[in-house]
Every structure is written in C-alpha cells, then in structure tokens.
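All remarks here apply to the structure that follows.
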Amino acid sequence: MLVRLVIGLVITVAAVAVAGRRALQVYRLVESGQPDDARRDGLGARVRTQFVEVFGQRKLLKWSVPGLAHFFTFWAFVILATVYLEAYGALFDHDFHIPWVGRWPVLGFLQDTIAVLCLLSLVVFAVIRIRNAPDRKARASRFYGSHTGPAWLILFMIFNVLWTLFFFRAASSALGVFPYKSGAWASIGLGHLFDGVSQGTLEVIESVGLLLHIGVMLVFLVIVAYSKHLHIFTAPINVSAKRMPKALGPLLPMMSDGKKIDFEDPDEDAIFGRGKIEDFTWKGMLDFATCTECGRCQSQCPAWNTGKPLSPKLVIMDLRDHLFAKAPYIIGGKDLPEVESVDFDVLEAATNGHGHGVPESGFGRVLGSGPQQAARPLVGTAEQHGVIDPDVLWSCTSCGACVEQCPVDIEHVDHIIDMRRHQVMIESEFPSELGVLFKNLENKGNPWGQNAKDRLEWTKGLDFEVPVFDGELSADTEYLFWVGCAGAFDDNQKKTIRATAELLHRAGVGYTVLGPEESCTGDPARRSGNEFLFQMLAMQNVEVLNAVFEGREPGTRKIVTTCPHCLNTLGREYPQLDGHYEVVHHTQLLNKLVREGKLVPVAEPAADKGAPVTYHDPCYLGRHNEVYAEPRELVAAAGATLTEMPRHADRSMCCGAGGARMWMEERIGQRVNVTRTTEALDTLSGVGGADGAAAGGTIAVGCPFCKTMLSDGLTEKQSGGGYEGVQIQDVSQMLLAAVKRGDGSADGAGTTGEKSPVGEDANT
C-alpha cells in the first residue's frame, strides 16, 4: 500500500510540474497580447454559451456522426473525472469512495456506459481519419495540413485511459473493494474474469492496474499540454471569451492598447492593424492556441475549395506556430534583433512546411526560434520569408463560413481583416485593383466612380413617382429606401431596385430615397483593410442619416435596403459611430407585407409550372445576419417550388464577391462564382429529370453582388453551350411577377413598372 502511494504521488508531482511549466508559458504568452476588455462584458450570456456550446456541444453536433462521437468523448472526460477521484482515493485507502454519491449504482452505471460509448467513438474517429486521410484525398481532406500523427497518438492515449480504467475497476471488483455493488455493469462483468485468482495476486493486479491508470492519465496530460490538444483546456475559456453573439456581422473598430483609435488625432504609438504577432490581442493569441486542427473551416472555405492557397485552419496554425516559436523574444527576455542584421540566407530551404508537405503553409519557411524567426515579416512572400503569404491574405471573401463552423469559436475573419488593415494603412501593400476602388470611393463616393447626380437614373421610365428626400421626412414616410451603389449604377441591379420600389408602391408603404445625398456605406473599404476610408465614408453617411431622422424616436428610424452588405454596415457597424437605425432587408419587409395581405401574389397556373427554382444564400444576409426564412417564404409565395442546393443556409457557398473581392481579379485556381453557379445549375438540372445543359429554371438571389457574380458565372457556362433557359433573378422580381398575375396586366409577366419580361435576366 505504501509503495503504490509513493509511486503514485511521485509520478503525479513530476507530471504536474512538467505540464504546469507549459501552462504557465501559455498563460504568460496569451497575457502578453493587447488588451481586450470587452471580452468580459455580458457575463450571463457567456455563462449560457458555456453550457450550450461546451457542455451541450452545439456546434460540434452540426456534423451529426463526428459530433455525436465528440459529444460522448467530451462527456467521458467530464464523468470519468470521478473515476480518477476514486483512483487517487484508493492510493490512500482500499475502501475509498466519493462521499455521499460514491456508492450510488447510477454513478457506476454512468461511468461504465460513457466509457464504453467513448470506446465506440474512438472507432468512429479512426474510420473518419482513415477515410479522409490527406494521403488519400489530398486537398479535399479537411485534415490536409493538420498534424495527423499526433492526432493518432491522442486517440491511442484515450484508448489507454479506457482499457486501464476497466482493468483497474475489474480487479477492484474481483478483490471486493469496488465502491459499486451494482450499476457498473461493464466493470463488474469484467471482474468475473479474475474468478479463481488468489487474494494476494488480486491485490498486486489491482495495484498495477491503479498505477497504470494514473500513469497513463499523467502521460496523457503532458502530451496534451505540449500538443494541439491543448484545446481541451483552452477551448472552454475561448468559447466564453468569444464575440457575442458570434464573430460575424460587424467588424470590430480598430483598437490599440485596448482603446479605439481616434483617426482624427491618433496616438503616436498607436498600432494600426496587426503587423507582427505581438500586435494581436490576448483573445487572438488564445484563438491560435485553441485551434483543434479539425479542418471544418477548411472544408467550407470557398477560397480553399477553388484552389486558392487560403485555408483558415492553416492561417491559424501558422500564427500559432509563429507565436510559440517567437515566445523567447516575447516572454523569454531575449532581445529582438534588428531586421537589417539578420541573415536569412543561412536558412536551409524548408521544403515541407510543418513536416507534412504543405506548400500553402507559410510558417515552415523559417523554422526554429532563432533571430530569423523574430525578424521575419508577419505578411510576406516566400522570398520575404513571410508567415502569411499575401496570396493567402487577399484570397479571403470574408464569407464567415470558417467562423460559422469552428467548434471552438476562433475568429478567423477578424484576424485576416486586422492583418489587411496593417498592410493597407501602414505598408501600402495591397492588390493594385484596390487602388482604383479606394480612389473611386474617396473621390466619387462609390466603387464605380460614377457621378452622384446619376443616382436616380434607375427611376426613369417607371410609371409611378419615386419620392426623393427634400429636406424633411413627412409623417407618412415609414422607411428610407437605401438604394446602394450597385442599385444606382449597375444596370442588372437596377431591375431589383425597380421591382422593390414598385412593390412598396403597390403595398402603400411610405418611403423615400436620398438620391444624390446617398454615398457608399464603406463596406468594401473596411473589408479590404482601409479603415480610415471607411471611417470617412461612414461618418459622412451618419451625419446625413442623423439629419434625415432628426426628431424621430428610436424604433421609427427605419431603413430598407436590397444589399446585405449595406444592411450589415448600416445596421450593425454604424452604431460604432453613433448611427442607430432599424435596418431591414427588402426580403424581410416584402415578406411582412405579404403576410399582412398588402401584397397578394398569385401562383402560376398549373399548366405553366415546371421550371425549377433554387435559392443562393448571400453570406452577409445568411451567416452574418441569420436571415434565412424570409427569402424562401417569398419564393414559395411567388408560387415556385424551391429545390435547395447541397450547400445552403449556414453552409451556403460564397459567390466570391465579399471581402472586397468584387473589385479584385481572381488569378489563382477556379473562379468562385463559376463554381457556385455550376452547383446551382447542377441542382436545377437534377430536378424532375432535367437533362443537364438543356435544363431551365431560376437561380433566385437576394444580393446585388451575388446577382452580378452568378450572372457572370452563368454567362461563362452558357458560352460553352446550353443553359439558355436559366435565368437569375432577385426574389423581389419573382414576387412582383406573381403579384402582377393578380391584376392581369401584361399577362402577369412584368417585373417592373416598365413591364419588361420575367426572363429579362437570362443573359445579363
């Protein structure tokens, strides 16, 4: 008894010391990050999130099979902590049991059952990893770039924890010192295998089993502390510290030393964006340390899935590895070298990144913790030894698929935008096309460089008057109709604006437009990293809007827009600049009008039906602002039967225009918009036995950028032959056609007051 007590305590002290040293290093490293006090706000919501996402495993269960396996494994860690309490108690007393509950059959049943379920989960994990091994599926594997060897080691260590658990408990049962007389069905059953073994031998076996069980756990603890499975301890903290309700929608304002940067009078030592790893906040560093390398983000990323070098997972892994490699300079007291004094030529070529053949990973360009690691740029080409390659940084569409899927609430988009901010505002390093965008936004107030006086061109030819703001809102004006730059200047999007305006007119909704007073919200400037330009545009618009709504109480400062990017910026980012408005998407308002009976759509006659419809979820309407139902309800109200694409709702694939990608050339891999268009066409072709390119139908959209990108994609597909019967329409156009069926004008085929045909967008 004394021998096993001494052995158990000695190995425990040794393992805790080794793991504790690592824990202290990680804590000091994370604490060295920039302040972010907002992460402590809303304690009640954060506690609820802990229960829902950590204990309830909500995000993991979005993927049913691996999610359920992880659910059982997580709860095995929680419940089997009681077994280790019993094990350590048994070091001191053979007959130890947990006070009050330690002899309850229910606890014994839970312990054994969750252990068995965890064993089955290990089999599931093994099958998933074998079927999705990078050696078999290359980039198509979500584990491509992950450290697969250590992952297998962790599965093996969990297996060792479980078999030693049953070995120890079975021996205890046979010896007669097991706390449970019933309930622990597996342990008691296995104990019968020791029937006939002598008392002395059983005591030795039980002691060996006990020390094995404790020893395996301690080895596991050390391995976890020094591996990516550190997330076992950091994930609950990271989830609690996440942006509430999630890190999508509005971008955070630029902060330095925990305070907002005043762009009119910034501090001399203000940090603009993230130019080096030390510039990230403590939450960013915690994100890096928490990555599980599961690859869910990578599997959903539109850039990665079209052959770009951007993998959200690899970005976080590269930042993590660079952070830990640079730790001696950040918290270890080593002096940072002068960049000019560092000789990068002494480096041997790192041809295989992390040791697993991943050319998309930038960290492996400089290995180790030497002066080259400290002096290398955070963002830079291979020749510059950058941690993050510019092609990686500028491939992001800010669609948010990575954030939506991440089970530990890593904020990939925020980190990418923060690095863009530094590149644009400090380094002046950005794709050349953005120079034109910035110039147009600054000089003309729109990305197209058009004159403000042309913002009402879309109203010409309508058979009703569009009210224009004349300096004062009338009492019967309920909404300000924010047309947006695309609606004002893009011929394709003008059709959406006209259809929406006519629907509002028919429903008797009091609205007005700003006309020349309207300017770009600044979304493309902010997503491309030009925060200064965004602030300039946003403050100008806030001044205009506050003047428009002067005297109106909160709840009556209503704006409707057809652009999800404007929706997000006006409604969720302008409050950062004291602009508070109630902003809705046009599909939300139109759906409300249909429900109230102010718009009465009429379905097509049964004989005319047949052309299928699929709906593309805009990222900034869906994932970023969680508007999924209203557009679909409008499609149904228009009399169409919706067929969903394989990737839809919160897993919808981006059209490729977000993150200011609308104004950048796509030179690497396949075009995102063509890939998405192909998915939509395949969906239409599969309805009712349609024959491939001969199929017709409608791709419904709810965003001007999506409409442009998918229209371009359709044009490219049509140039190869076929798909002539396919059209792309905004949901408002479909609704207007259905409403017009009720009044019999132009056979109900018009989509605007100009009575143009429903199929007008087939080749635009």
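Coordinate-derived values only; no laboratory data. Please read these numbers as outputs of a predicted model, since none were measured by experiment. A quick note on method: Cβ atoms are made from the backbone with ideal geometry, for glycine too, and the neighbour counts reach across all protein chains shown.
With the dipole of the chain worked out from charges on the C-beta (+1 for Lys and Arg, -1 for Asp and Glu) around the Cα centre, which of A115, L545, A45 lies farthest toward the positive end?
A115
How far is it, in nm, from the label point at D95 to the one at D265 when both lie 7 Å from their Cα along the line to the Cβ?
About 7.8 nm, to one decimal.
Over the chain, what is the relative contact order in whole percent, taking alpha-carbon pairs under 8 Å and six or more residues apart?
11 percent
List the cysteines in the chain whose Cβ has no other cysteine Cβ under 4.7 Å from it.
C118, C291, C294, C301, C396, C406, C485, C520
With the crude spin-label approximation of a point 7 Å out along Cα→Cβ, what separation in nm comes out for S227 versus K62?
With each label placed 7 Å out from Cα toward Cβ, I get 2.6 nm.
What does the helix-only formula give at 222 nm for the chain: each DSSP H stretch with n ≥ 4 adding -39500 (n - 2.57), the total divided by the residues, and the result rounded to the nearest 500 deg cm²/dmol?
-14000 deg cm²/dmol
Taking the Cα atoms of the stretch 378-470, what is the range of coordinates along each of the three principal axes, in descending order and whole Å?
Computed over the stretch 378-470, the largest-to-smallest principal extents equal 59, 34, 21 Å.
Anything over 29 Å Cα to Cα? Flag those among K444/K592; K246/K558; K439/K558, in the order listed.
Listed pairs above 29 Å: K444/K592; K439/K558.
Cut-off is 10 Å between beta-carbons; in what order do H422, H147, H586 appear when sorted fewest neighbours first?
Lowest to highest Cβ neighbour count: H147, H422, H586.
Given R₀ = 56 Å, what would the calculated FRET efficiency be for L577 paired with R139, taking r from the Cβ atoms and rounding to 0.05?
0.85
Please give the charge dipole size of the stretch 435-594, origin at the Cα centre, charges +1 on K and R Cβ atoms and -1 on D and E Cβ atoms. Round to the nearest 20 debye.
For this selection, approximately 500 debye.
Starting from the Cα of Q25, move 7 Å in the Cα-to-Cβ direction to define the label point; list residues of the stretch 216-245 whose amide nitrogen is under 14 Å from there.
Answer for the stretch 216-245: 222-228, 230.
How much FRET efficiency would the formula 1/(1 + (r/R0)^6) give for L212 and A636, where r is the Cβ-Cβ distance and R0 is 45 Å, rounded to 0.05?
E between L212 and A636, to the nearest 0.05, is 0.15.
Going by how many other Cβ atoms sit within 10 Å of their own, how do D41, D414, D112 line up, fewest first?
Sorted ascending by nearby Cβ count, the order is D41, D414, D112.
Can you give me the C-alpha center-to-center distance between the stretch 558-619 and the stretch 494-522, rounded to a whole angstrom?
12 Å
Could you tell me how far the Cα centroid of the stretch 129-194 sits from the Cα centroid of the stretch 212-276, in Å?
Centre-to-centre (Cα) distance: 31 Å.
Which residues in the stretch 630-663 have a backbone N closer than 18 Å to a point placed 7 Å from the Cα of E596 along the Cα-to-Cβ line?
Backbone N within reach: 630-631, 634.
Explain nothing, just the number: dipole magnitude of the chain about its Cα centre with +1 on each Lys and Arg Cβ and -1 on each Asp and Glu Cβ, in debye rounded to the nearest 20.
Once rounded to the nearest 20, the dipole reads 2460 debye.
Give, as a single signed number, the net charge of other residues whose beta carbon lies under 14 Å from the beta carbon of M1, with Lys and Arg counted +1 and Asp and Glu -1.
My count for the surroundings of M1 gives -3.
Would you please give the FRET efficiency between Q718 and S428, computed as 1/(1 + (r/R0)^6) with r the Cβ-Cβ distance and R0 = 35 Å, to the nearest 0.05?
That gives a FRET efficiency of 0.30.
Any idea what % of Cα-Cα pairs in the chain are farther than 45 Å?
That tail contains 34 percent of the Cα-Cα pairs.
Report the normalised scattering of the stretch 263-310 as log10 I(q)/I(0) at q = 0.19, 0.21 Å⁻¹, calculated by the Debye formula with identical scatterers on the alpha carbons.
One equal scatterer on each Cα of the stretch 263-310 leads to -0.82, -0.88.
Say the cut-off is 19 Å between C-alpha atoms; which of K137/K313; K276/K326; K62/K308; K598/K707; K259/K334 go over it?
As for pairs spanning more than 19 Å Cα to Cα, those are K62/K308; K598/K707; K259/K334.
For the residues R243, R320, R21, R420, what sequence is obtained by ranking on other C-beta atoms within 10 Å, fewest first?
R21, R243, R320, R420
Toward the positive end of the charge dipole of the stretch 464-583, about the Cα centre and with charges on Cβ (Lys, Arg +1; Asp, Glu -1), which of A507, F481, S528 goes farthest?
The residue sitting farthest along the positive end of the dipole is S528.
For the stretch 435-594, what is the convex hull volume of its Cα atoms per residue in Å³?
108 Å³
Only Cα pairs under 8 Å and at least 6 apart count here; give the relative contact order of the stretch 156-223 as a rounded whole percent.
Relative contact order for the stretch 156-223 comes out at 45 percent.
State which helices in the chain qualify, where a helix is a whole DSSP H run, it must extend 15 Å or more along its own axis by its Cα atoms, and its mean Kyte-Doolittle hydropathy must be at least 0.5.
Answer set is 2-31, 64-79, 81-92, 105-131, 148-175, 199-225, 531-548, 731-741.
Along the Cα→Cβ direction, 7 angstrom out, place labels at V544 and V687. What is the inter-label distance in nm?
3.8 nm
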